[in-house]
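Remarks on the structure that follows.
The values are calculated or read from the model by the stated rules, or taken from the named source; none is laboratory data. What you see is a predicted model; the values in this text were computed from it and never measured. Cβ coordinates were reconstructed from backbone atoms using ideal geometry, including for glycine residues, and neighbour counts include every protein chain displayed.
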């Protein structure tokens, strides 16, 4: 028992010497300027947020330029880009629809602005418009805008029309009904 007490006592003495060595005035005098310089240097580095989003520093400018090039008015471009969560996705949506369909940029901007995933909306609109030979442009914007999964919706419309002789509206109605049923959005049956 005495030997264990002696070991504990020796350990505490060593611990005390170690701590007093660290807290030695000479060590503190040396470490203080080094730590101060290191702290100043670290604080001068760009923040992590700026590093992560460095590519997005001009997203609003790119959005506005792309919308103006597509033919959107200055006021509409300013409003659309300023309210967009992902301005580049918004302008890419409008530009893609304008380049690959005959839908007006003003009409596509209204739908791209409301879309959760503007690029997927553009893919949906372009895919269905090419399949239907642009017979129903305004309807395509509306249906793709309503769908929660626009790419899947477009795949449904195009796939059905390739195998079954459906009119464009029949295919749109069938696929939108199916997507609403799959998502549990149908009304419950009424009791007699």
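Looking only at segment 93-110, which residues are more than 15 Å from residue 151 (Cβ to Cβ) and crowded, with 19+ Cβ neighbours inside 10 Å?
Result: 94, 95, 98, 101, 103, 105, 108, 109.
Mind checking which residues of segment 152-166 are part of a helix (DSSP H, G or I) and surrounded by fewer than 13 Cβ atoms within 10 Å (Cβ to Cβ)?
Residues of segment 152-166 part of a helix (DSSP H, G or I): 152-163.
162, 163, listed by residue number.
Scan segment 110-128 and report the pairs whose first residue is touching a residue at least 40 places away in the same chain (Cβ under 8 Å) and whose second residue is part of a helix (DSSP H, G or I) and surrounded by 24 or more Cβ atoms within 10 Å (Cβ to Cβ), with Cβ atoms within less than 6 Å and a gap of 6+ or a chain change.
Close Cβ pairs (under 6 Å, with a partner that is part of a helix (DSSP H, G or I) and surrounded by 24 or more Cβ atoms within 10 Å (Cβ to Cβ)) amount to 128/140; 128/154; 128/157.
Looking at (1) modelled with pLDDT of 95 or more; (2) farther than 28 Å from residue 131 by Cβ; (3) part of a loop (DSSP other than H, G, I, E, B), which one does residue 85 not meet, given that it meets all the others?
(1)
So, of the residues in segment 141-151 that are part of a helix (DSSP H, G or I) and in contact with a helix residue (DSSP H, G or I) (Cβ under 7 Å, 6 or more places away or on another chain), which turns out to be surrounded by the most Cβ atoms within 10 Å (Cβ to Cβ)?
144
Report yes if residue 49 is surrounded by fewer than 19 Cβ atoms within 10 Å (Cβ to Cβ), over 27 Å from residue 128 (Cβ atoms) and either at pLDDT 95 or above or in contact with a strand residue (DSSP E or B) (Cβ under 8 Å, 6 or more places away or on another chain) (or both), otherwise no.
On the way: surrounded by fewer than 19 Cβ atoms within 10 Å (Cβ to Cβ): yes; over 27 Å from residue 128 (Cβ atoms): yes; either at pLDDT 95 or above or in contact with a strand residue (DSSP E or B) (Cβ under 8 Å, 6 or more places away or on another chain) (or both): no.
Answer is no for this residue.
Find the residue count for segment 111-140, including only residues that are under 19 Å from the mean Cα position of the chain (by Cα), assigned to a helix (DSSP H, G or I) and surrounded by 15 or more Cβ atoms within 10 Å (Cβ to Cβ).
10
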